[in-house]
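The values are calculated or read from the model by the stated rules, or taken from the named source; none is laboratory data. What you see is a predicted model; the values in this text were computed from it and never measured. Ideal geometry is used to build each Cβ from the backbone, glycine not excepted, and the neighbour counts take in all protein chains shown. In case anyone asks, the SASA skips ligands and DNA or RNA and just uses the protein heavy atoms, side chains included. Shrake-Rupley method; radii C 1.70, N 1.55, O 1.52, S 1.80 Å.
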Amino acid sequence: MIDFNDQHFRPLYHFSPPANWLNDPNGLVFYQGEYHLFYQYHPGSSVWGPMHWGHAVSLDLMNWRHLPVALYPDEHGMIFSGSAVIDWENSAGFGKEAMVAVFTHHHDHYEAQSLAYSNDCGRTWTKYTGNPVLLPPDGLCDFRDPKVFWYEENGAGYWVMVLAAHHAIRFYTSPNLIDWTPVSTFGEHYGAHNSVWETPDLFRLPVEGCDQSRWVLTVGIGSGGPGGASGMQYFIGQFDGKAFTSDNSESTVLWVDFGADYYAAQSWSDSPDGRRLMIGWLNNWQYAQLIPTTTWRGVLSLPREMSLRRTADGIRLFQQPAAEVLNQRGAHIEWTDLNVSPGDNPLVNLHGCALELDVAFIVNPQVEYFGFRLRVGAGEQTIIAYDMREQKLFVDRSHSGQTDFEPGFTRVHFAKMRPVDGIVHLQIFLDWSCIEVFGNDGEVTITDTIFPAEASQGVELFAQGGEVQVRLLKVYEMKPASITAVEG
Ligand code: FRU
């Protein structure tokens, strides 16, 4: 029997589909004031199946309007992941400022890249009659998830496609989005390779505090991630318009997120004011189809802004919630200079399921660990804390609620993180079944799903093994985003 009682897992200010199955974000592009979000969608079921592109638009990245399905499977196969661009100069001949989707056609026997275009701000779509535009090299089965962007140097420009090809990334260039030339390959011996590479992205960012910049290549792998199974790694280096070279050694593995539930993230093309905004699938292939929701399944992360900063370990990717996320803040309570001893819970009167907790702890070498217990109820709690002895941030969802759909779900997820000038700063977003933790202003993130009972709504602040001082704690109630129904 279908259990329709799954709405208490639905987040209030994270994006989820109106009904049925969602996985990767696709085709992220900003045009004429709207952020477009397409996504891997099965409109007929709450498990993965024949993939379509679902569609939604937003003026502010938080409040979304669902639109009809944009792309349907056809004679070439299912519509797998990909990107979208505005063809400002009409290089493809699809019309002035056409929105062009570049996606993978997944056929039983091969994967190939194809195009579709829209001349009405993404409302209606036409598949290119010459599809597919890029066939796989002989014998290559995994050949998918094109990320396309315009590359310009010395006034001349062309399109670049970044494509996951088995255990590597292949780069192609094109004058018109239709004719593609292979130019280089990266990665066979670099980073983690527990499974094939998927959903790449490539973008340039300034390095904060100096006049340098670097290119960041992000890559998903379905298993071997730091939270178990799906994970996203990244490489930092140079891109000369044809080839990517890593600044780091082949054996260096850098993770975007240390939780179990951040995958297939992509960034928006043409975002206004030059911000590099990304959004990821808040789930994990290991158990994505088993999570205890039934009528809908799948959530996207909060939009995040990327930056590069120098750390003691080298240049690293930092992530912060996009400024728009903070518009969801409602009423708040704050505490300053609060001493928390073992056994204390200064938040005893606080309850909630859609909250932001922004806290600065002054660390004390005597304390073992400190942090929060969220969604606390009968036998249930999710711990988000800092382990002072091991200098790591962790999320423990072993007693978070329903976990028995996947044996590995109870594993603790942690990220190495040192206090900065004696302070551990955490920004935690709780949204019913979603948790996103930003440590040290985005130096590390841990993103995890939880499935507690509806009644588990307690919030606790705790210290163990010694006292910890809270310099400042702000707890915001987060307002629900407005999500309007499918039109048309
Ligand atoms: C990543 C992925 C992509 C593929 C899509 C299929 O999560 O496996 O490689 O295009 O999902 O839905």
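Positive end of the dipole of segment 1-118 (Cβ unit charges, origin at the Cα centre): among Asn26, His109, Pro68, the Cα lying farthest that way belongs to Pro68.
Accessible area per residue for the chain is 37 Å², calculated with a 1.4 Å probe on protein heavy atoms, without ligands, DNA or RNA. Projected label points at Thr295 and Ser223, each 7 Å from Cα along the beta carbon direction, are separated by 3.5 nanometres. Taking amide H as placed 1.01 Å from N in the peptide plane, Ala98 has its amide H under 5 Å from the amide H of Asp87, Asn90, each at least 5 places away in sequence or on another chain. Between Pro419, Ile446, Leu473, the Cα set farthest toward the positive side of the dipole of segment 382-488 (charges on each charged residue's Cβ, about the Cα centre) is that of Pro419. Here the label points at Gln238 and Lys416, each 7 Å from Cα along the C-beta direction, are separated by 2.8 nm in the simple model. Stretching the chain fully between Asp138 and Val486 yields a gain of 121.1 nm (0.36 nm per residue, less the alpha carbon separation).
You can think of it this way: the chain between Glu34 and Ala360 has 113.8 nm of extra reach, that is 0.36 nm per residue less the Cα-Cα gap. Overall dimensions of segment 395-488, expressed as equivalent-ellipsoid semi-axes from the Cα gyration tensor (√(5λ), whole Å, largest first), are 27, 20, 15. By accessible area, using a 1.4 Å probe on protein heavy atoms only, the chain has 49% of its surface on carbon and sulfur. Over 26 Å apart: what share of the alpha carbon pairs of segment 150-306 falls there, rounded to a whole percent? Of the Cα pairs, 30 percent sit more than 26 Å apart. Using 0.36 nm per residue and subtracting the Cα-Cα separation, the extra length available between Thr181 and Phe405 on full extension is 76.1 nm.
Taking amide H atoms as placed 1.01 Å from N in the peptide plane, the amide H of Asp247 lies under 5 Å from those of Ile236, Gly237, Gln238, each 5 or more residues away in sequence or on another chain. Does segment 42-158 classify as rounded, prolate or oblate by the C-alpha gyration tensor (a ≥ b ≥ c root eigenvalues; a/c under 1.5 gives rounded; else a/b over b/c gives prolate, otherwise oblate)? Judged from the Cα gyration tensor, segment 42-158 comes out oblate (a/c at least 1.5, b/c at or above a/b). What the phi angles of segment 203-212 give under the Karplus curve with 6.51, -1.76 and 1.60, with θ = phi - 60°, is a coupling list of 7, 9, 9, x, 8, 4, x, 8, 9, 9 Hz, glycine and proline written as x. The H on the amide N of Gly259, modeled in the peptide plane, is under 5 Å from the matching H of Thr447, each at least 5 residues off or on a different chain. Restricting segment 161-191 to chymotrypsin sites (Phe, Trp or Tyr not before Pro) that sit in a DSSP loop and have at most 12 other Cβ atoms within 10 Å of their own Cβ leaves nothing. Exposure check, 1.4 Å probe, all protein chains in place: Asp179 carries approximately 90 Å² of accessible surface. Of Leu302, Ser271, Cys210, which is farthest along the charge dipole of the chain in the positive direction, counting Lys and Arg as +1 and Asp and Glu as -1 at C-beta? Working it through, the farthest residue towards the positive pole turns out to be Cys210. Of the chymotrypsin sites (Phe, Trp or Tyr not before Pro) found in segment 357-414, those in coil by DSSP whose Cβ has at most 14 other Cβ atoms within 10 Å are Phe405.
Placing +1 on the Cβ of every Lys and Arg and -1 on the Cβ of every Asp and Glu, with nothing else charged, gives the chain a dipole about its Cα centre of roughly 140 debye. Size descriptors for the chain: radius of gyration and Dmax over Cα atoms are 22.2, 68 Å.
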